[in-house]
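J.: Below you'll find the structure I mean.
Rule-based calculations on the coordinates, nothing more; no lab input. Treat the numbers as computed from the prediction; the structure is a model and nothing was measured. We place every Cβ from the backbone using ideal geometry, glycine too, and count neighbours over all the protein chains shown.
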Amino acid sequence: MKSPTLQTVVIAVTFAIIAYIVTFAIPASSVLVASLVFVSAFIAPLLAGNLSANTRSSSTNETSVSDDDVRTLYVGNLPYRANETSVRELFSEHGSVHSVRLMKDKHTGKRRGFGFVEMAADDLDKAISALNDTEFQQRTLKVREAKDRPERTEDNNLDD
């Protein structure tokens, strides 16, 4: 089960406060309050989903591209001090960047020296040819199209 986002929690708490106020304003409204709380359980995630979708679409200044037109690049040999912003700026010079994920060690939290950049499919080859084997913050980048990660199954987990 997916955990609620902060927006969902804030909206749910707002509905709960409204329900609390209504119980004092209209003492015989227990059915109304129960209905309000019940309905808020369904409305809060929907409102939060719409708010985050609006925020995401207004915060991205890239042209909107369907998911079919987005491909992922593997970027290896990244400097450990590189961050998502600097990598995004570098790749933005060669096309429309949709996301940047730099991998971290789950135990130490330190960067692992590689990551993934999602770009418009039309810009993929241009970015690879422009950035592969080039120097970035004193490291020679390795840039290529990312391979699909095989699905992890219970059988694979037992072998580990």
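J.: Does residue 108 meet the test of being among the β-branched types (Val, Ile, Thr) and farther than 15 Å from residue 74 by Cα?
T.: Yes: the conditions hold for residue 108.
J.: On to the next question. For residues that are in a strand (DSSP E or B) and not aliphatic (A, V, I, L, M), scanning just the range 91-109, find the one that is farthest from residue 131 (Cα to Cα).
T.: 104
J.: Return the pairs, sorted by first residue and then second, in which the second residue is surrounded by 13 or more Cβ atoms within 10 Å (Cβ to Cβ) and basic (Lys, Arg), the first residue lies in the range 124-153 and is free of Cβ contacts under 8 Å to residues at least 60 places away in the same chain, the beta carbons are less than 6 Å apart, and the residues are 6+ apart or on different chains.
T.: If the second residue must be surrounded by 13 or more Cβ atoms within 10 Å (Cβ to Cβ) and basic (Lys, Arg), the pairs left are 124/71.
J.: Sticking with this structure for a sec: I'd like to check something: does the range 102-122 contain any residue that is in contact (Cβ under 8 Å) with a residue 12 or more places away in the chain, over 21 Å from the mean Cα position of the chain (by Cα) and farther than 18 Å from residue 70 by Cα?
T.: no
J.: Another question about this same structure. Could you tell me which residue of the range 69-87 is farthest from residue 109 (Cα to Cα), considering only residues that are of a type in the set (A, V, I, L, M, F, W, C) and assigned to a strand (DSSP E or B)?
T.: Ranking the candidates gives 70 first.
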